[in-house]
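Take a look at the structure below.
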Amino acid sequence: MPYCVHCGVELDPAVKTCPLCGTAVNDPAARPPEDRPPFFPTRRAEVAPVPRKAVSLLITSMLASVSVCCALLNLVLKPQYQWYLFVVGAAAMLWVWFVLPLLVNRWVPVWVRLTVDVGAVAVYVALIALAMDGWGWFRGLAVPILALAAVVVCALGWLLRRGHSMLTTVTLSLAAVGVFCAGIEACGDLYFYGAWSPGWSLIMLASCVGLCIPLLVVRRVPSLREEVRRRFHF
Ligand SMILES: [Zn+2]
């Protein structure tokens, strides 16, 4: 039974102030009323993830909007060239890269996704060649480089398919960059001069090899590997 802190009279548990002296009743032991909201949430709530459909719809509308704006601008800016088609092609390529994976719900092997991505680039470059009447460079230069890109990217994706350590990923990616650069120069040389005369790509390749060697050493020596892992937090 509570008592008034000021005058000491015995109080009814329901009263909020003392009926005798008017002092507010503040009983720490009193049970809080049932209807009062709790001080902190009692149920664990999570922010619902944004549905993939909504994201894909947003990106699609952005790409479509850019295409329409450029098509309208093309009516007044250099109308003799249909340059808006390049923008539309780029938008279509970006759509294949970013929206298509969101729409495909089931798991797709990495190499399939990468091949589709490189294929989208190939279609875009083919459209440019078509617009600029340049099938010669498309066949002689673009197709070999794109094929090389597909092979390098797929090989990298296949080697890294089971989520390797950061060190392995960086080492293999550097090696892929070196190989890709050498391939680009070889394709360019063969197309323009008819013979392979390696130059800048050898410097790139040597730099990549130079970067890979210490990484391979670190990977081989457990104590070094642990040290690097601790320092870079991975
Ligand atoms: Zn009182």
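The values are calculated or read from the model by the stated rules, or taken from the named source; none is laboratory data. None of the values given here were measured: they were computed from a predicted structure. Here the Cβ positions follow ideal geometry from the backbone for every residue, glycine too, while neighbour counts run over all protein chains shown. The area values use the complete protein model at the heavy-atom level, side chains included, leaving out ligands, DNA and RNA. Shrake-Rupley method; radii C 1.70, N 1.55, O 1.52, S 1.80 Å.
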**Asked** Counting other Cβ atoms within 10 Å, which trypsin sites (Lys or Arg not before Pro) in segment 1-91 have at most 15 and lie in a DSSP loop?
**Response** K16, R43, R44
**Request:** Obtain the nm distance between the two label points defined at R52 and L94 by a simple spin-label model: each point lies 7 Å from its Cα along the Cα-to-C-beta direction.
**Result:** 2.1
**Complete:** Amide H contacts under 5 Å for Y3, restricted to residues at least 5 apart in sequence or on another chain and with H modeled in the peptide plane, are L11
**Request:** Could you look at the chain and say what percent of its accessible area is carbon and sulfur, using a 1.4 Å probe and all protein chains?
**Result:** 70
**Message:** Just to confirm my numbers, what's the Cα centroid distance between segment 173-191 and segment 86-127 in Å?
**Reply:** 23
**Asked** When you take every Cα atom in the chain, what is the radius of gyration, and what is Dmax, the widest Cα pair distance, in Å?
**Response** 33.6, 110
**Request:** Could you order peptides 192-204, 140-152 by the average number of other Cβ atoms within 10 Å of their residues, highest first?
**Result:** 140-152, 192-204
**Estimated inter-spin distance, A14 and D27, nm [label 7 Å along Cα→Cβ]** = 1.3
**Prompt:** Using θ = phi - 60° and the Karplus form 6.51 cos²θ - 1.76 cosθ + 1.60, what ³J(HN,Hα) does each residue of segment 58-69 get, whole Hz, x for Gly and Pro?
**Reply:** 5, 5, 4, 5, 5, 5, 5, 5, 4, 4, 5, 4
**Prompt:** Which whole-Hz couplings ³J(HN,Hα) result when phi for each residue of segment 182-192 is put into the Karplus expression 6.51 cos²θ - 1.76 cosθ + 1.60, θ = phi - 60°, listed in order with x for Gly and Pro?
**Reply:** 4, x, 4, 5, 4, 4, x, 4, 5, 6, 7
**Request:** Subtracting the Cα-Cα distance from 0.36 nm times the residue separation, let me have the gained length for W135 to T168 in nm, one decimal.
**Result:** 7.9 nm
**Prompt:** Can you pull the Rg over Rh of segment 187-234, Cα-only, Kirkwood?
**Reply:** 1.33
**Request:** First obtain the Kirkwood hydrodynamic radius of segment 127-195 from its Cα pairs, then insert it into the Stokes-Einstein equation at 10 °C and 1.306 mPa s, and state the resulting D in µm² per second as a whole number.
**Result:** 117
**Base-10 log of normalised Debye intensity for segment 69-140 (one unit scatterer per alpha-carbon) at q = 0.22, 0.23 Å⁻¹** = -0.96, -1.00
**Request:** Taking only the C-alpha atoms, wrap a convex hull around segment 1-110 and report its volume per residue in Å³ as a whole number.
**Result:** 236
**Request:** Measure nothing fancy, just the Cα-based angle from helix 222-232's long axis to the longest principal axis of the chain, in degrees from 0 to 90, nearest 10.
**Result:** 60
**Request:** Go ahead and estimate [θ] at 222 nm for the chain from helices alone: -39,500 (n - 2.57) per DSSP H run with n ≥ 4, summed, over the residue count, rounded to 500.
**Result:** -20000 deg cm²/dmol
